[in-house]
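Values quoted throughout were computed directly from the atomic coordinates according to the rules given, and no laboratory measurement underlies them. A quick note: this is a predicted structure, and the numbers were derived from the prediction, not measured. Because the Cβ atoms are built from the backbone with ideal geometry, glycine has one as well, and the counts that use them run over all protein chains shown.
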Amino acid sequence: MDQAPGSPQGPKDQGSQDAQSVPTCYRHPDRETGVRCSRCERPICPACMVSASVGFQCPECVRGGSGTGHPPAASRPRTLAGGTVAADPRLFTKVLIGINLAFFLVQKAVGDRFTDSFDLIGRAYVPLLGSVEGIAEGQWYRLLTSMFLHGSYIHILFNMLSLWWIGGPLEAALGRARYLALYFVSGFAGSALTYLLAAPNQPSLGASGAIFGLFGATGVLMRRLNYDMRPLIGLLVVNLIFTFTPAFGISWQAHIGGLVGGVVVGYAMVHAPRERRALVQYGVCAVVLAAVVVATLVRTAQLT
């Protein structure tokens with residue numbers, strides 16, 4: 001067994017003195033501790049302790065697996081949904097906000113021609129572009145690009161605030177990969193329902209479909225953790241009132257499609273059995289995306 005750093009070897013007459021001394025953390029020599037890593041047995045202070053199934057482990061053993069026969073990823077701390085705990089749990093939320101803001105700046109700089117080229121429209125003649133445009137014309141990319149466009153400063157302000165408040169905690173709870181899957185699948189679900197049910201010449205844009213998906217998944221997560229859901233329900237009700245108020249001109253199809261998609265994917269993320277968690281989670285995402293493709297094909301056949 002390796003001797004802990006700071007415990008010098010000496011003659012036998014110093015053994016009793018060494019036995020009485022308190023070892024110091026191998027990563028923080030100025031901190032005394034009586035706890036040792038359950039794998040390598042080096043002394044570790046509370047700041048370095050990582051809870052394990054038996055005792056505590058040091059960060060190096062957690063990262064490296066320490067000869068357990070398991071890959072390092074098997075020893076990393078996991079979120080409730082099985083994702084890897086990240087140093088910055090809001091990183092992808094920040095990235096999404098940045099992308100939305102970048103698109104909005106381009107909209108303001110280029111003008112309506114850029115917006116008309118990438119918003120969600122079924123099939124219609126667009127005077128500014130001088131041609132018939134839309135998803136039915138093979139422009140399927142509009143299902144995605146419309147999720148990053150906004151119609152006004154108020155529109156993007158409320159959406160980005162909602163994304164920060166709802167998305168940040170959800171990203172921390174699910175992990176980055178699952179969070180991104182939830183965001184984009186919900187957004188596609190909202191876009192597909194809009195394309196399927198809205199008038200073909202009615203343009204639609206905004207991140208609201210994806211954000212309503214985050215609302216739905218947050219509700220599933222809060223119920224799973226037995227949190228008080230009344231604040232979330234109240235906020236959702238207010239948003240739905242605005243959604244169905246004709247004066248605001250909001251695409252209710254995008255909100256409802258995103259909400260339903262978020263609930264379905266969120267349930268799979270939170271309740272998937274541990275032994276086949278990734279298969280169930282991403283399998284449900286694939287099923288929802290398949291429904292998006294079917295809805296898009298059906299509507300395209302109707303319009304062409």
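Sketch the reach of a paramagnetic label on VAL238 as a point 7 Å from Cα along Cα-to-Cβ, and name the residues of region 146-187 whose backbone nitrogen lies under 13 Å away. Only 158, 162 fall inside the zone, counting backbone N under 13 Å. One way to sum up the overall shape of the chain is the equivalent ellipsoid from its Cα gyration tensor, whose semi-axes run 53, 19, 18 Å, largest first.
To the nearest 20 debye, what charge dipole does the chain have about its Cα centre, counting +1 at the Cβ of each Lys and Arg and -1 at the Cβ of each Asp and Glu?
Working: 24 positive and 16 negative charges, 87 e Å.
My answer is approximately 420 debye.
Taking all Cα pairs closer than 8 Å and separated by 6 or more residues, the relative contact order of the chain comes to 15 percent. Phi angles across region 107-119 convert, under the Karplus curve 6.51 cos²θ - 1.76 cosθ + 1.60 with θ = phi - 60°, into 3J(HN,Hα) values of 4, 5, 7, 8, x, 5, 4, 5, 4, 5, 7, 10, 6 Hz, Gly and Pro given as x. Modelled spin labels at ALA301 and VAL95, positioned 7 Å past Cα toward Cβ, are 3.7 nm from each other. The residue list LEU120, PHE248, LEU174 was ranked by how far each Cα lies along the charge dipole of region 91-303 toward its positive end, using unit charges on Cβ atoms, and LEU174 comes out on top.
In degrees, nearest 10, range 0 to 90: what is the angle between the Cα axis of helix 230-243 and the longest Cα principal axis of the chain? So the inclination is approximately 20 degrees.
Put simply, region 223-304 fits an ellipsoid with semi-axes of 27, 25, 5 Å; these come from the alpha carbon gyration tensor as the roots of five times its eigenvalues, largest first. Hey, how much of the P(r) for region 97-174 falls beyond 15 Å, as a percent of Cα pairs? Here the long-distance tail beyond 15 Å is 61 percent of all Cα pairs in region 97-174. For region 215-304, the list of chymotrypsin sites (Phe, Trp or Tyr not before Pro) that fall in a loop by DSSP and count at most 13 other C-beta atoms within 10 angstrom reads TYR227, PHE244.
A cut-off of 5 Å between modelled amide H atoms, ignoring neighbours fewer than 5 places along the same chain, links GLU133 with ALA124, TYR125, VAL126. Computed over the alpha carbons of region 110-262, Rg followed by Dmax gives 15.9, 55 Å.
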